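Structure first, then comments.
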Amino acid sequence: QVQLVESGGGSVQAGGSLRLSCAASGRTFSMYVMGWFRQAPGKERQFVAAINWSGHSTDYADSVKGRFTISRDNAKNTVYLQMNSLKPEDTAVYSCAAAQSLRTTTWGGDYDYWGQGTQVTVSS
């Protein structure tokens with residue numbers, strides 16, 4: 001069992017930055033692929049970024065490439081999402097998730113555990 005708790009959300013103006021954190025419980029954190037997803041009101045959940053167990057392999061949605069960076073610290077059981085050059089269309093609830101997978105995956109159905117989410121609001 002893995003419990004995930006996100007933090008770092010908030011309100012920011014367009015062009016600003018935020019850093020999300022996701023703290024995981026459990027000793028086997030390093031075995032999981034970690035991902036970030038987001039969901040805006042009235043829209044479907046959308047993949048944002050994923051990172052493999054070692055941190056050497058990452059994957060990003062086209063809409064965030066070059067602006068967002070996912071990273072992890074296995075010693076701290078934490079995954080991060082650095083978000084720069086934020087746009088109003090980035091406004092959503094951001095959730096982290098853990099998948100028992102050898103490779104990064106963009107499909108939400110592959111993820112076994114989910115956090116409650118943190119709100120990110122970007123104003124123009």
Some residue of region 89-103 being open to solvent by 30 Å² or more (accessible area, probe 1.4 Å) and not in a loop (DSSP other than H, G, I, E, B): yes
Subset of region 24-43 (residues that are modelled with pLDDT of 95 or more, part of a loop (DSSP other than H, G, I, E, B) and either over 18 Å from GLY108 (Cα atoms) or within 16 Å of the chain's Cα centre (by Cα) (or both)): ALA40
Residue in region 57-68 that is in a loop (DSSP other than H, G, I, E, B), of a type outside the set (Gly, Ala, Ser) and either open to solvent by 70 Å² or more (accessible area, probe 1.4 Å) or farther than 22 Å from GLN119 by Cβ (or both) present: yes
Members of region 107-116 that are assigned to a loop (DSSP other than H, G, I, E, B) and either touching a Gly at 6+ places or on another chain (Cβ under 8 Å) or free of Cβ contacts under 8 Å to residues at least 12 places away in the same chain (or both): TYR111
Candidate set from region 23-41 (those that are within 23 Å of TYR60 (Cβ to Cβ) and of a type in the set (Ser, Thr, Tyr)); member that is most open to solvent (accessible area, probe 1.4 Å): SER30
Region 69-88, subset in contact (Cβ under 8 Å) with a residue 24 or more places away in the chain, of a type in the set (S, T, N, Q) and not in a loop (DSSP other than H, G, I, E, B), residue most open to solvent (accessible area, probe 1.4 Å): GLN82
Single residue of region 1-22 satisfying the filter (in a loop (DSSP other than H, G, I, E, B) and open to solvent by 50 Å² or more (accessible area, probe 1.4 Å)) that is farthest from VAL93 (Cα to Cα): GLN1
Flag for SER21 being hydroxyl-bearing (Ser, Thr, Tyr), at pLDDT 95 or above and touching a Phe, Trp or Tyr at 6+ places or on another chain (Cβ under 6 Å): yes
Pairs where the first residue, in region 46-63, is among the charged types (D, E, K, R) and the second is surrounded by fewer than 19 Cβ atoms within 10 Å (Cβ to Cβ), C-beta under 7 Å, 6+ apart: ASP59/THR106
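The values are calculated or read from the model by the stated rules, or taken from the named source; none is laboratory data. What you are looking at is a predicted structure, and each value in this text was computed from that prediction instead of being measured. Methodologically, a virtual Cβ is constructed for each residue, glycine included, from the backbone with ideal geometry; neighbour enumeration extends over all protein chains shown. In case anyone asks, the SASA skips ligands and DNA or RNA and just uses the protein heavy atoms, side chains included. Shrake-Rupley method; radii C 1.70, N 1.55, O 1.52, S 1.80 Å.
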